[in-house]
Structure formats: C-alpha cells, structure tokens
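The values are calculated or read from the model by the stated rules, or taken from the named source; none is laboratory data. None of the values given here were measured: they were computed from a predicted structure. Methodologically, a virtual Cβ is constructed for each residue, glycine included, from the backbone with ideal geometry; neighbour enumeration extends over all protein chains shown.
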C-alpha cells in the first residue's frame, strides 16, 4: 500500500491539478474516489478544514486545497522534479499563473463539462462508472446527475455574465497560448506550477468535445504532449 493517498473526484479540475503534479513528479500514490454527495470516504481532517476534495495524505500529514497540496509536494521535495522556479521573479509569476488557472480557466470548465444535455449526461456516466455504487444506484446517478450538473453550469454562466461556454474556455485557452508563445513551457525551458495546474485542468476534460478545441492550438498541443511524455517517463517502476 502506498504511503501517499489522494482523495479525489473524477471530474474535479482541482483534483486533476494534484494528480498531474503527482504523476509528473513520478510519486507513487493510491487514488481514493470520493462520493460527491456523502464524502464518507474522506479521512479525518484538521479542525476547520472544509469537507471537500482534493485531500492528500502523506505519512502522518493530511493536506487539503489543491494549491496548498502542490506547494506541500514542493516543500517536501517529493518526486523526481521540482516545479518551483529558483528565481524569485519567476516563482512569483508561476504562482500568478497557477492562481489564474484556478480563478479563470477552472471556473469556466464546469460549463463545458455540464453545459449541454449531452455533456451533462456524459459527465454523469463518467461519475457513475468511477464510483463504487451498485448498478441500480449508478443508473439513478446518471438520471439525476445530468439534471443537477446542467443547473450548476447555468449558475456559473449567470454568475460570470456569460452565455457561450465554449467561447469562454477558448478565450482562456488563447490567453495561456499567448503566454506560452514558442517556449517549451509557460516560463521557459522548465515546467512550473502554472504548467502543472493547466495540464491537470485540461486533462479533466479529455472525454469532452472541448478537449479537441483546446488541442487545435498547435503550441498548446505540443506543450501538452511534452508534459504527457514527462508523465510517462516518470511513472514509478512496476
């Protein structure tokens, strides 16, 4: 059994951020899928910690919040690579991009995961398939989940005064592509936490039509494949 556990939800972009960091670093870990409603799978949390994913257990440490977890992995020196730039100015910029992924790109993602009835149904199927529910319970999740998820998407669009979900995500993708330019990674020759966060968020939507739209950007596609190759290269033996 691995000394590291990630408590996550399949379609949570914040969880995918943490998974990206662990996999890119080559850290061996056990994934625990958490029910989005009951969350009964979560371990005891530090006092005052919200009962939500992602949560990382490493040895005797229990850490919540995706950004806090990413920084914890850096502080502990886990894995085969560090994503924290040594240069203070680049470190600040990396943190800014990681925060932008959270507040802008990830904010928009549920609207293209749950936006149309087809997308919401696909999301419900993915959630049901990744759960430990019985066949009948999975069927109910698919029926009710699509409706709930569609409502979530509508609320996010209204909150941000948006009408076209795919256009919103494309705007954010174009912003990241502009920052990336012709560099291998967003800050230069080495990946940083901003790259990790964006990679994880994009991976979250691989099963949805928006993924092909994102990959239609040549520099985004090349950047993503570089990180994917690093993830494959750093997989723990066995």
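Is it true that some residue in the stretch 14-28 is within 14 Å of the chain's Cα centre (by Cα), assigned to a strand (DSSP E or B) and touching a residue at least 12 places away in the same chain (Cβ under 8 Å)?
Checking the stretch 14-28: not a single residue is within 14 Å of the chain's Cα centre (by Cα), assigned to a strand (DSSP E or B) and touching a residue at least 12 places away in the same chain (Cβ under 8 Å).
Residues of the stretch 60-77 being in contact with a strand residue (DSSP E or B) (Cβ under 8 Å, 6 or more places away or on another chain) and over 17 Å from residue 197 (Cβ atoms), which ones?
62, 76
Evaluate the following for residue 48: is it assigned to a loop (DSSP other than H, G, I, E, B) and at pLDDT 90 or above?
When the stated conditions are applied, residue 48 does not pass them.
Going by what's in this entry, would residue 13 be described as at pLDDT below 90 and within 25 Å of residue 84 (Cβ to Cβ)?
The answer is no for residue 13.
All but one of (1) part of a helix (DSSP H, G or I); (2) modelled with pLDDT of 90 or more hold for residue 161, so report the exception by its number.
Against the list (1) part of a helix (DSSP H, G or I); (2) modelled with pLDDT of 90 or more, residue 161 comes up short only on (1).
Go through (1) loosely packed, with under 15 Cβ neighbours inside 10 Å; (2) assigned to a strand (DSSP E or B) and name the single condition residue 40 misses.
(2)
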